[in-house]
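In what follows, a single structure is set out as structure tokens and then discussed.
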Amino acid sequence: MNLRHIIRAILMEHSHAHGDGLDLEGVRARLMTWPREKLIGWLQWNDPNGIWTDKDMEANDMDPMSVEEAVDQIMAFVEDNGETPEDMMGASLEANPSRYPQPSQFDKFLK
């Protein structure tokens, strides 16, 4: 699965109904259901210069990131920004529309 496909999957399944406040426990519980590949893909999208992939981790003499470690990393971004991972992606898409394909164009980019 490539990064564009991961981004598409995250955006497609997001429900914007998260109430008045951010339910951090709920966000963490939901992230724990994501496959490891999807968690790492989100981290790569959010911080392309970070050391997230197994290859990058190995090159820096680090063990591959576990699901729990990936969720902890994402939760740090969630807590810092006060937004869900999906809301961060949506805001980035709105602020930088030319940088990303629009949802209606995803199929063209995934072929």
Residue by residue, what Karplus-based ³J(HN,Hα) values in Hz, rounded to whole numbers, does the stretch 65-70 have, using 6.51, -1.76 and 1.60 with θ = phi - 60° and x for Gly and Pro?
6, 7, 4, 4, 5, 5
Compute the distance in nm between two label points, each set 7 Å from the Cα along the Cα-to-Cβ direction, one at Asp54 and one at Val67.
1.6
Distance in nm between pseudo-label sites at Asp23 and Asn96 (7 Å out along the Cβ direction from Cα):
3.1
Return an integer: the convex hull volume of the alpha-carbon atoms of the stretch 23-84, in Å³ per residue.
74
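Here, each number is a calculation from the coordinates, and none is a lab measurement. Computed from a predicted structure; not experimentally measured. Cβ atoms come from the backbone with ideal geometry, glycine included; neighbour counts cover every protein chain shown.
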